[in-house]
Amino acid sequence: MREIEIGEFAEAWAAGAPVVDVREPWEYRNAHVPGAQLLPLGQLGDRVTEIPAGAVVYVICASGNRSVQGARILMTAGRPAVSVAGGTSGWAAAGRLLDTGDGGSCAHR
């Protein structure tokens, strides 16, 4: 299972890569990477079909722990996935913008 740093993730995000946030809804509402789709870790295995097939999916959480688990779940289901080390905390620390509230889709930007 591959894990990438914020800088590499930022490039993929800017290119429109699908992003799945595996945190809880309240965490997502407080702050999330723009365009990230909320799929809490506990529901991920049952909702894999909501993720576009074929494209590498970037899995993010608060710090990188749950995203590792999420990426493994997706890979087991046959979806290529990468975990984002540092999570949304690292994204914010790098000066990147965060969205708040509900919403987000896994569509390519």
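The values are calculated or read from the model by the stated rules, or taken from the named source; none is laboratory data. Bear in mind that the values here come from a model prediction, so they are computed numbers and not experimental data. Glycine also receives a Cβ, built like all others from the backbone with ideal geometry; neighbour counts cover every protein chain displayed.
Kindly check whether there is at least one residue in region 91-98 that is more than 14 Å from V19 (Cβ to Cβ) and either touching a helix residue (DSSP H, G or I) at 6+ places or on another chain (Cβ under 9 Å) or of a type in the set (S, T, N, Q) (or both).
The answer is yes, given that some residue of region 91-98 is more than 14 Å from V19 (Cβ to Cβ) and either touching a helix residue (DSSP H, G or I) at 6+ places or on another chain (Cβ under 9 Å) or of a type in the set (S, T, N, Q) (or both).
Hey, can you tell me all the residues within region 1-26 that are surrounded by fewer than 17 Cβ atoms within 10 Å (Cβ to Cβ) and of a type in the set (D, E, K, R)?
Passing the criteria: R2, E3, E5, E8, E11, E24.
Considering only residues that are in contact with a helix residue (DSSP H, G or I) (Cβ under 9 Å, 6 or more places away or on another chain) and surrounded by 14 or more Cβ atoms within 10 Å (Cβ to Cβ), which ones fall in region 35-55?
Scanning region 35-55 gives G35, A36, Q37, L38, L39, P40, L41, L44, V48, I51.
Taking into account only those residues within region 28-47 that are part of a loop (DSSP other than H, G, I, E, B) and among the charged types (D, E, K, R), which is farthest from A17 (Cα to Cα)? Explain how you work it out, then say what you get.
Just the residues of region 28-47 that are part of a loop (DSSP other than H, G, I, E, B), to begin with: 31, 33-36, 39-40, 45-47.
From the residues that got through so far, the ones that are among the charged types (D, E, K, R) too are 46-47.
On the way: D46: 22, R47: 19 Å.
Looking at the filtered set, the residue picked out is D46.
Determine whether region 5-15 contains at least one residue that is of a type in the set (A, V, I, L, M) and either at pLDDT below 95 or under 11 Å from the mean Cα position of the chain (by Cα) (or both).
no
With the condition kept exactly as written, say whether any residue in region 37-48 is touching a Ser or Thr at 6+ places or on another chain (Cβ under 9 Å) and charged (D, E, K, R).
No; the residues of region 37-48 include none that is touching a Ser or Thr at 6+ places or on another chain (Cβ under 9 Å) and charged (D, E, K, R).
Let's see how each residue does on (1) more than 14 Å from M75 (Cα to Cα); (2) in contact with a strand residue (DSSP E or B) (Cβ under 6 Å, 6 or more places away or on another chain); (3) among the acidic types (D, E):
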position: I6; (1), (2), (3): yes, no, no
position: A10; (1), (2), (3): yes, no, no
position: P18; (1), (2), (3): yes, yes, no
position: E24; (1), (2), (3): yes, no, yes
position: R29; (1), (2), (3): yes, no, no
position: Q37; (1), (2), (3): yes, yes, no
position: P40; (1), (2), (3): yes, no, no
position: R47; (1), (2), (3): no, no, no
position: G54; (1), (2), (3): no, no, no
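Tell me, please, whether a residue that is under 13 Å from the mean Cα position of the chain (by Cα) and charged (D, E, K, R) can be found in region 39-46.
No, because not a single residue in region 39-46 is under 13 Å from the mean Cα position of the chain (by Cα) and charged (D, E, K, R).
Here's the yes/no breakdown for (1) assigned to a helix (DSSP H, G or I); (2) at pLDDT below 95; (3) among the hydrophobic types (A, V, I, L, M, F, W, C):
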{"position": "T49", "(1), (2), (3)": "yes, yes, no"}
{"position": "P52", "(1), (2), (3)": "no, yes, no"}
{"position": "A55", "(1), (2), (3)": "no, yes, yes"}
{"position": "G78", "(1), (2), (3)": "no, yes, no"}
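Which of (1) out of contact with any helix residue (DSSP H, G or I) (no Cβ under 9 Å at 6 or more places or on another chain); (2) not in a loop (DSSP other than H, G, I, E, B) is the odd one out, the single condition G70 does not satisfy?
(1)
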